[in-house]
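K.L.:
Quick one: this structure, given as structure tokens, is what I'll be asking you about.
The values are calculated or read from the model by the stated rules, or taken from the named source; none is laboratory data. From a predicted model like this one, the values you see are computed outputs, not experimental measurements. Backbone-built Cβ (ideal geometry, glycine too); neighbour counts: all protein chains shown.
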Ligand code: PXP
């Protein structure tokens, strides 16, 4: 039987909403408690160079409160490495980052940066942090990750998700299946994430050796769809019965 798939919930966009006002609402720590109560496996945050959503204090507080294991997504820079070592999250996923992008637009090009990334990875050797690389479903990139001695990849499912929407996803789905199969053959743990939602995640969760998914934008957005009605009704009750 297929193992239960672990779920990491990315809460970056709770911080996006919070940052729209200079107040602490929605409170990330309260959201972290909700995730714990739902039996989510990990809290995932992407600390970006420009701190457009999650900030350094969020990372520190989420780690200190320890509601759930923290999965820190970050670029392979010295600044981020220092924050990671100071924070000591349970896992760390290395992602590419371009300042002008709206979201992570593709996997990390590991095979063309082997020297730089090799040095970067070597500093994680004596740390108790599960290191992974976010890569496209590309066998050469996965082999490059393996060459660095890194034992986990997260497959970028963004292209599949966009194509799924256009009902043109079979080629990309096959690439993901082959990539996951290759991971099994060479002893690499295979995670996946980006753009996943109620519809497209079914295909991904059927792939036998994908053991963890990281999902953010859809879950936070859909919480508005499922929660707005109740929130407005509660508000209307309060304004019309303020003394109750
Ligand atoms: N995994 C990684 C490595 C990511 O960078 C992101 C986006 O921050 C996600 C998963 C989640 O993607 P989405 O927000 O589209 O679910």
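K.L.:
Need the failing condition index for residue 28 against (1) in contact (Cβ under 8 Å) with a residue 40 or more places away in the chain; (2) surrounded by 20 or more Cβ atoms within 10 Å (Cβ to Cβ), just the number.
P.N.:
With respect to (1) in contact (Cβ under 8 Å) with a residue 40 or more places away in the chain; (2) surrounded by 20 or more Cβ atoms within 10 Å (Cβ to Cβ), residue 28 is out only on (1).
K.L.:
Something else: One residue is enough: does the stretch 100-117 have a residue meeting the conditions at pLDDT below 95, under 30 Å from residue 64 (Cβ atoms) and touching a strand residue (DSSP E or B) at 6+ places or on another chain (Cβ under 8 Å)?
P.N.:
yes
K.L.:
Can you report the number of residues in the stretch 112-133 which are within 22 Å of the chain's Cα centre (by Cα) and either loosely packed, with under 15 Cβ neighbours inside 10 Å or under 16 Å from residue 83 (Cα atoms) (or both)?
P.N.:
Number satisfying all stated conditions: 8.
K.L.:
Let me ask you something else. Looking only at the stretch 136-157, which residues are near the ligand (Cβ under 10 Å from one of its atoms) and not in a loop (DSSP other than H, G, I, E, B)?
P.N.:
Correct list: 154, 155, 156.
K.L.:
With respect to the numbered conditions (1) within 16 Å of the ligand (Cβ to nearest atom); (2) surrounded by fewer than 21 Cβ atoms within 10 Å (Cβ to Cβ); (3) assigned to a helix (DSSP H, G or I), which one is the sole condition not fulfilled by residue 237?
P.N.:
(1)
K.L.:
Kindly establish whether residue 21 is over 16 Å from the mean Cα position of the chain (by Cα), over 16 Å from residue 72 (Cβ atoms), away from the ligand (no atom under 14 Å from the Cβ) and not in a loop (DSSP other than H, G, I, E, B).
P.N.:
Considered against the rule, which asks whether it is over 16 Å from the mean Cα position of the chain (by Cα), over 16 Å from residue 72 (Cβ atoms), away from the ligand (no atom under 14 Å from the Cβ) and not in a loop (DSSP other than H, G, I, E, B), residue 21 comes out as no.
K.L.:
Filter the stretch 185-216 down to the residues that are in contact with a helix residue (DSSP H, G or I) (Cβ under 6 Å, 6 or more places away or on another chain) and not in a loop (DSSP other than H, G, I, E, B), then identify the one that is surrounded by the fewest Cβ atoms within 10 Å (Cβ to Cβ).
P.N.:
The selected residue is 186.
K.L.:
Moving on. From the set of residues in the stretch 31-46 that are within 16 Å of the ligand (Cβ to nearest atom) and either in contact (Cβ under 8 Å) with a residue 60 or more places away in the chain or loosely packed, with under 14 Cβ neighbours inside 10 Å (or both), which is nearest to the chain's Cα centre (by Cα)?
P.N.:
Selected residue: 44.
K.L.:
Hey, another quick one. Might you let me know whether the stretch 48-68 holds any residue that is within 11 Å of the ligand (Cβ to nearest atom), touching a strand residue (DSSP E or B) at 6+ places or on another chain (Cβ under 6 Å) and part of a strand (DSSP E or B)?
P.N.:
Within the stretch 48-68, none of the residues are within 11 Å of the ligand (Cβ to nearest atom), touching a strand residue (DSSP E or B) at 6+ places or on another chain (Cβ under 6 Å) and part of a strand (DSSP E or B).
Residue-wise test of (1) more than 14 Å from the ligand (Cβ to nearest atom); (2) closer than 17 Å to residue 209 by Cα; (3) in a loop (DSSP other than H, G, I, E, B).
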residue: 106; (1), (2), (3): no, no, yes
residue: 112; (1), (2), (3): yes, no, yes
residue: 116; (1), (2), (3): yes, no, no
residue: 134; (1), (2), (3): no, yes, no
residue: 162; (1), (2), (3): no, no, no
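K.L.:
Checking the structure you have, find out if any residue of the stretch 1-15 is assigned to a loop (DSSP other than H, G, I, E, B), within 16 Å of the ligand (Cβ to nearest atom) and closer than 17 Å to residue 192 by Cβ.
P.N.:
yes
K.L.:
Also, quick follow-up: Within the stretch 92-104, restricting attention to residues that are within 10 Å of the ligand (Cβ to nearest atom) and either over 19 Å from residue 145 (Cα atoms) or touching a residue at least 40 places away in the same chain (Cβ under 8 Å) (or both), which residue is surrounded by the most Cβ atoms within 10 Å (Cβ to Cβ)?
P.N.:
94
K.L.:
Can you pull out every residue in the stretch 164-175 that is in a loop (DSSP other than H, G, I, E, B) and either in contact (Cβ under 8 Å) with a residue 60 or more places away in the chain or more than 16 Å from the ligand (Cβ to nearest atom) (or both)?
P.N.:
Once the filter is applied, which keeps residues that are in a loop (DSSP other than H, G, I, E, B) and either in contact (Cβ under 8 Å) with a residue 60 or more places away in the chain or more than 16 Å from the ligand (Cβ to nearest atom) (or both), the stretch 164-175 yields 166, 167, 168.
K.L.:
When the residues of the stretch 208-234 are filtered to those that are farther than 17 Å from residue 35 by Cβ and within 16 Å of the ligand (Cβ to nearest atom), which remaining residue is farthest from the chain's Cα centre (by Cα)?
P.N.:
225
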